[in-house]
Structures are given as structure tokens and as C-alpha cells.
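Enquirer: After the C-alpha cells below, expect a handful of questions from me.
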Ligand code: OOB
């Protein structure tokens, strides 16, 4: 019998204090359940019930269990050992869920890259996680991940590569060829060990890695199931990227599998594709970001598809304005649920039976009675109830520290272990949160988070760029778009050339600035040396004033 725990324990600084651990266990949040245990148990009880539908593939709970065992054992046979980190990068395709479950079965730790990530980001994840392997689907969204894998192996030579899809080639192992002895799979898992590493939105520089344990994560989606009405009759559709925390666990496809429900993966969130699937599979619940939800609402009014199975439409990832929420309610025949969450933990929901007043105007309240929410001023002092301030939180599914990143931990956690979310919120008398904005400089582009600093760094590496500042600009469709103010060194480069430069740094396309504005100089002289944050705020303000004057 092997044991998968030792290599994936949280470090002391990342684990919950003993008193909290006891409290969370006593309250029944942490039940000692693990991913392999619950998945195997569902397979045993539900057998031939459909678990996952993607394209032409339909996997029952028993199929999923069999595939996960084959993949997990195959990976161990390749020489990986429990506790090793494995970067996975898939679109919403049939292989994704069996691969992730296979990693769980083998005690290997998935690191979830999004399909949009490119070489610079994936290299960073592999290095930061000290990963041993990279598993991806060969083609998705017109991109060839085998080319990315080849480059990745040059940067991180110790990586082994497993490729799904026709003909792995390049000396990579093919996912379909993986074989191993199922008896080699570990039988015991520590419920408080790290189950996977999720990515942070990356508000300062590159994404950080977020260690989530079996106990904490399973609690978050088990409790979400109750709040989102998910049970064994539900059909949950994944329209956003399946590796993102929202469609994974709020309640997401993991919540759906835990409930014994059916998961439908849609490889496009575009209404034409998604509506056809809703009708065909009788989807009951879906999670969307605000711009997509509004697109769906418009399309629904003249759609020939039957959407009447839809019971709950969740909207989150970025702020849903009250007026937009009202439009959604009018257009779709289902309950609207606002979701305000973060990969680091805390998730807030409006409740399905809440009044319209709350559903339209707030981002919900925390999942757990033991989510301790604190709203503080710039000096860290609690603000009066109803006042706006910085949101800090600790609780049974909020991390205590990032993976392997002491500098970020010093910045993002208080001395008493609360996570500083970077969100500016106010709390209503009923305990609901209303998001007012962000304290730090990131752009929330339709739910995709972009760090101003990361993009400025890439712009500065261009030989014709002297200085650059990236800011968010309100956008009717995306919520926010990115605008880069650039001071050229000599002759300014062409806007298209500069955008191409950023793309060629190997970054996700959503990080390429939507707009580039050249400036003669940044007005820093009047105030002396000013911080980049002040500079960004000043540039943004001036830009908004100028565009207002023109309107
Ligand atoms: C979700 O997770 P992340 O990690 O991509 O981003 C978290 C950040 C939050 O700190 C907040 O700034 C923003 O995204 N956010 C919202 C929001 N939901 C997330 N801002 C305003 N209104 C909302 N409803 O985005 C995420 C994770 C789990 C569930 C849902 C979203």
C-alpha cells in the first residue's frame, strides 16, 4: 500500500492554526473526504449514469473512474511520483476531466493553465511549481500546443510531456497510450494535503500559485451545491474555461460530480453553440461572466432553441451592474445568481430565494458562517458598518499563503493570517457585499485578470519604448479594457507593431493592450517622484476627462 501525502503537505506558514482546524472539523466543514475517495464512491454507486458529456464523447461515472485509473497508473509508470506537480492545459474537451481525476488518483498535483496561456506564462507555472510533467490537448481554438510543448521543454528540460489528440509526435507520450498497474495507485491520501495548484489573477506581476487542499476545496463545492440547487438531477454546463475556479467549484463541474449530476462541456460560450447544447442536454445551471450573460440575454429573445430547462444562471468573475442584472432577469426565464469569488478561496452568492433587491444590487454573501470577513481602511482599521473599505478574509476554504512565494505572502496576508483580497467593498446591513472596485492595479477584462505591471514590463522590453503605464478604462461590453500609455524612444513604433510585440512575448491574447496611446512625457515633475500607482491613476483620470469633453 502506498501513501500519497508526504510530498504535498502545506508548509507550516500555509496551514491553518490548530484552533481553526479543530473548529472547521467540529462544524463538519472538513470531513476528511478526498478527491479519489469521493470519485470512486460515485463510480461505485452510480456506475452507468452519465457523468461527462463533451462533443461526441459520453462518459459514465464508471467510465470516468476507469479512464482516471488508467491515466493515473500510466503516469506513475512513466516515473512520476505522488506529490509531483503536473501542468495541465486543455480546452473544454472530453479528456480534461479524466486527466485531472487521473492526477488525483495518482496523488499527482495538477497546476491549471488556461487554454489562452502561452509559452511565457506556461514556463512560469512549470518553473514556479517545479513541475515534472506537462499534459495538454494537441489542438484547441486553432492553436497547436505541441509547438508550445517543444518550446517549453527547451526552457524546462526536466519536463516530461503527455499529449492528447491525434498522433502525439515530437517524442511525446500519447495520452491514449498511457498504461500502468492500477495497484500502483496510492490508497491513502491526507485530506489536509494539497490536491492541486490554482492560478491567481496576478495583480502584481506574474500569476501566483494557490495551494488548495482536499478538505477545504471539497467543502467549498459541497456547500455551493446546496446554495446553487445542484443535486443528482442537475445538468451543469461548463461554458467558461473548465480550469478556471468559477466553473470548477462554484459549484462547477466538481460540485456537479460530487452531487452525482451530469456535466456538459461546451467548447464555445457563443450563444449559437451553447443554446443548442442547453436544449439537447436539458442543462439546468450555467456560470457566465457579465459580458457573456448579456450576449446570451440578447440572443435569447430571438432564439429558436428551447432554453426552458435552465433553472439558474450564475454571473460572476467581474462586476454585474444593477441595470445589466435587470436586463438579464427580463430576458431569461431562470433565476439569476450573482457570484463573487476568488481562486484564493472566499466565494459569495446571492441566494436563490433572495429578494430582487438583493439579487440585482449585491454580489451576495459568503458561503460559510465561518467565513470571517473584515472591511478595513488604508491603515488596516475596521470601517464602520456600511462604509467602503478593503476586503480581508479568513475561513475554512481561504488559503493562508501562496505556494513558494514569501514576498507575495508578506504583501497579501495580514499578520493574523487574513487574506487581503485587493477588493474594495461595502457590506449591507444583511451582510451582503457590494463590490466597489479594486485597490491594486489590475484590469478585469470580462473576468480575465491582467496585471498592469506584467504588461508594462513587456512593453518596456521594446527598443522604441522609453516608458509605459497600463490602466483600465471602463468599457460598455467588457466592463474594463486595457489602455497602455507609452512614451516612445525616438520615432514611435506603430500601434499594430507594438501590439504584435506584446503578443510575441508568448502571452495570452487577452493581455495584449486593447488601446495604445502615445504620450510626450508623463507629468511626474509637479509632484516630484511619484509612484507607478499614482501615475496610472493620474493618466487614467486625465484620459477619462478628455474623452468626456469630446462626447
Ligand atoms: C473569480 O476568481 P479569480 O481568482 O479569477 O478573480 C478574483 C477576483 C476578485 O478578487 C474580484 O476582484 C473579481 O475577481 N471578481 C468580481 C466578481 N467576481 C470576481 N468582481 C466583482 N463582482 C464579481 N461578482 O473570478 C471567481 C472565482 C470563483 C467564483 C467566481 C469568480
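Each reported figure results from applying straightforward, stated rules to the coordinates on display, with no laboratory input. In this text, all values refer to a predicted model and were calculated from it rather than measured experimentally. All Cβ positions, even for glycine, are placed from backbone atoms using ideal geometry, and neighbour counts span all protein chains on display.
Enquirer: Of the beta bridges DSSP finds with both residues in the chain, what % are antiparallel, to the nearest 5?
Expert: Working: 47 of 87 bridges.
If we restrict to bridges inside the chain, about 55 percent are antiparallel.
Enquirer: Oh, and also: Based on the Cβ-Cβ distance from residue 532 to residue 170, what FRET efficiency comes out when R0 is 30 Å, to the nearest 0.05?
Expert: Efficiency, rounded to the nearest 0.05: 0.15.
Enquirer: Starting from 0.36 nm per residue, how many nanometres of slack lie between residue 231 and residue 150 once their C-alpha separation is accounted for?
Expert: Result: 24.9 nm gained on full extension.
Enquirer: Go ahead and estimate [θ] at 222 nm for the chain from helices alone: -39,500 (n - 2.57) per DSSP H run with n ≥ 4, summed, over the residue count, rounded to 500.
Expert: For the chain, the value works out to -10000 deg cm²/dmol.
Enquirer: What spacing in nm lies between the two simple spin-label points modelled at residue 517 and residue 309, each 7 Å away from Cα in the Cβ direction?
Expert: Going from the residue 517 label point to the residue 309 one covers 4.7 nm.
Enquirer: State the extension gain, in nm to one decimal, for the chain segment bounded by residue 353 and residue 181, taking 0.36 nm per residue of separation less the distance between their alpha-carbons. The partial results should precede the final answer.
Expert: Working: separation 172, 0.36 × 172 = 61.92 nm, distance 4.91 nm.
Extending this stretch completely gives an extra 57.0 nm.
Enquirer: Next question. Taking a point 7 angstrom from the Cα of residue 33 along the C-beta vector, which residues in region 385-409 have backbone N less than 15 Å away?
Expert: 397
Enquirer: Between region 144-210 and region 309-344, how far is it from one alpha carbon centroid to the other, in angstrom?
Expert: Using only Cα atoms, the two centres lie 33 Å from each other.
Enquirer: Okay, next question. Is the C-alpha gyration tensor of the chain telling us rounded, prolate or oblate? Criteria: a/c under 1.5 is rounded; beyond that, a/b larger than b/c is prolate, otherwise oblate. Let's see the in-between values first.
Expert: Working: a/c = 1.41, a/b = 1.24, b/c = 1.13.
In terms of gyration-tensor shape, rounded.
Enquirer: To one decimal place, what orientation-averaged projected area in nm² is obtained for the convex hull of the Cα set of region 444-550? Don't jump to the answer; show the numbers that get you there.
Expert: Numbers: hull surface 28.5 nm².
Convex hull of Cα atoms, orientation-averaged projection: 7.1 nm².
Enquirer: Hey, another quick one. Between region 54-121 and region 258-272, how many Å separate their Cα centres?
Expert: 18 Å
Enquirer: I've got another one for you. With equal scatterers on the alpha carbons only and no solvent term, can you work out the Debye log10 of I(q)/I(0) for region 18-113 at 0.19 1/Å?
Expert: Reported log10 I(q)/I(0), two decimals: -0.94.
Enquirer: Expressed in nm to one decimal, what extension gain is obtained for the pair residue 11 and residue 276 from 0.36 nm per residue of sequence separation less their Cα-Cα distance?
Expert: My answer for the length gained is 90.7 nm.
Enquirer: For the chain, what is the relative contact order in percent, using Cα pairs closer than 8 Å and at least 6 residues apart in sequence?
Expert: Relative CO of the chain lands at 12 percent.
Enquirer: To check you understand DSSP bridge types, tell me what percent of the beta bridges within region 444-550 (both residues inside) are antiparallel, rounded to 5.
Expert: Values: 12 of 16 bridges.
Of all bridge pairs located within region 444-550, approximately 75 percent are antiparallel.
Enquirer: Where in region 303-320 does the amide nitrogen come within less than 20 Å of the point 7 Å from the Cα of residue 551, taken along Cα to Cβ?
Expert: Residues 319-320 fall inside that zone.
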